[in-house]
Amino acid sequence: MEKVRAKHKEVYLHKGSPLGETILECYNCGSRNVFLLGFISAKTESVVVLLCREPCLSVNALKDMNWDLSQWCPLIDDRCFLPWLVKIPSEQEQFESTPN
């Protein structure tokens, strides 16, 4: 598999993605750098909040909210977006997307 190297850090999800057509950004500061973004769940609700690790998570800017900041997890794991965020293409879709 080839690696793609670019300076792009912002991600716009496809309308067919599980979350629909949206821009991934920090709830608190609006940062769109996906390499800094992660998520936390609300303690009492079934809500997921995107939050960047620098500066928002590190300065505990949201400690008064109903979120457990110690449960923060990155959106990218093992060089892949989490499966609930981006659908993994089938082998056939991967084959069809490669240049001839």
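Filter region 50-73 down to the residues that are in contact with a strand residue (DSSP E or B) (Cβ under 6 Å, 6 or more places away or on another chain) and loosely packed, with under 14 Cβ neighbours inside 10 Å, then identify the one that is modelled with the lowest pLDDT.
Here the answer is N66.
Check region 33-49 and report whether any residue there is polar (S, T, N, Q) and modelled with pLDDT of 90 or more. First the steps, then the outcome.
Quick first cut of region 33-49, residues polar (S, T, N, Q) only: 33, 41, 44, 46.
Keeping just the survivors that are modelled with pLDDT of 90 or more gives 33.
Yes, region 33-49 has at least one match.
For region 9-20, state whether one or more residues are at pLDDT below 85 and hydroxyl-bearing (S, T, Y). Steps first, answer last, please.
Of all residues in region 9-20, those at pLDDT below 85 come to 9-20.
Then keep just the ones that are hydroxyl-bearing (S, T, Y); that gives 12, 17.
Yes - at least one qualifying residue is present in region 9-20.
Being touching a residue at least 40 places away in the same chain (Cβ under 8 Å) and buried (at least 20 other Cβ atoms within 10 Å of the Cβ) is the filter here; which residues of region 25-40 pass it?
V34
Please identify the pairs in which a residue from region 68-86 that is in contact (Cβ under 8 Å) with a residue 12 or more places away in the chain has its Cβ atom under 6 Å from the Cβ atom of a residue that is of a type in the set (K, R) and in a loop (DSSP other than H, G, I, E, B), counting only partners at least 6 apart or on another chain.
From residues that are in contact (Cβ under 8 Å) with a residue 12 or more places away in the chain, the pairs are D68/K43.
The values are calculated or read from the model by the stated rules, or taken from the named source; none is laboratory data. Since we're looking at a predicted model, the values are computed, not measured. With ideal geometry, Cβ positions are generated from the backbone for all residues, glycine too; neighbour counts draw on all protein chains shown.
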